[in-house]
Protein chains: 2
Amino acid sequence: MSTKAIFYHAGCPVCVAAEQNVAHALDPAKYDVEIVHLGESNSRIQEAERAGVKSVPALVLDGATFHINFGADMDALK
Amino acid sequence: MSTKAIFYHAGCPVCVAAEQNVAHALDPAKYDVEIVHLGESNSRIQEAERAGVKSVPALVLDGATFHINFGADMDALK
């Protein structure tokens, strides 16, 4: 059974690089990856913050949050 | 054919979490992941810096460097 992984981004160049490399590199046998653009899906900012996301791009995997490089602070998306 | 991916760390708690989650989550069909402990393999610090690693944990994937959260600066390992 695959686990849900969520990759939060905001369309920035740093986000796109992390999406294309890291998010797409995850094992599809283990993870069902959802890509969420917080600039377009503002309503999901609160959910991301609850998961511990402070900046994008970030990957939430097995309940742990991993900030990958730095694109933008969450405050810049509100 | 699988591509080489290198995960650099220094044994810190942040490093271990990133290794267990992100490094081990990569698709084994696509990536051959090498785990390098820079505290134990000091001789590879220069190689990591050439790849653009500024802090650990970091993942070098397809020539791009991704810093995952923040454990320690490279300078702290020298």
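Which of A:16, B:14 comes first, and how do the rest follow, when ranked by fewest Cβ neighbours within 10 Å?
A:16, B:14
Can you give the relative contact order of chain B as a percent, counting alpha carbon pairs under 8 Å and 6+ residues apart?
Normalised by residue count, the contact order of chain B is 38 percent.
Treating chain B as a set of equal point scatterers at the Cα positions, no solvent, please give the Debye-formula log₁₀ I(q)/I(0) at q = 0.25 Å⁻¹.
-1.19
Could you work out the helix-only [θ] at 222 nm for chain B, with each DSSP H run of four or more residues adding -39,500 (n - 2.57) and the total divided by the number of residues, to the nearest 500 deg cm²/dmol?
The helix contribution divided over chain B gives -5000 deg cm²/dmol.
With a ≥ b ≥ c taken as the square roots of the eigenvalues of the C-alpha gyration tensor of the protein assembly as shown, please select rounded if a/c is under 1.5 and otherwise prolate if a/b is larger than b/c or oblate if it is not?
Cα axes put the protein assembly as shown in the prolate bin.
Take the alpha carbon atoms of the stretch A:19-40, find their center, do the same for the stretch A:50-69, and report the distance between the two centers in whole angstrom.
After rounding, the separation between the Cα centres reads 12 Å.
To the nearest whole number, what is the average tally of beta carbon atoms from other chains within 10 Å of the beta carbons of peptide A:21-30?
Per-residue shielding by partner chains comes out at 6.
Read-outs throughout are calculated quantities, based only on the coordinates presented, and are distinct from any laboratory measurement. Small disclaimer: the values here were computed from a predicted structure and weren't measured. Positions of Cβ are backbone-derived with ideal geometry, glycine not excepted, and every protein chain shown enters the neighbour counts.
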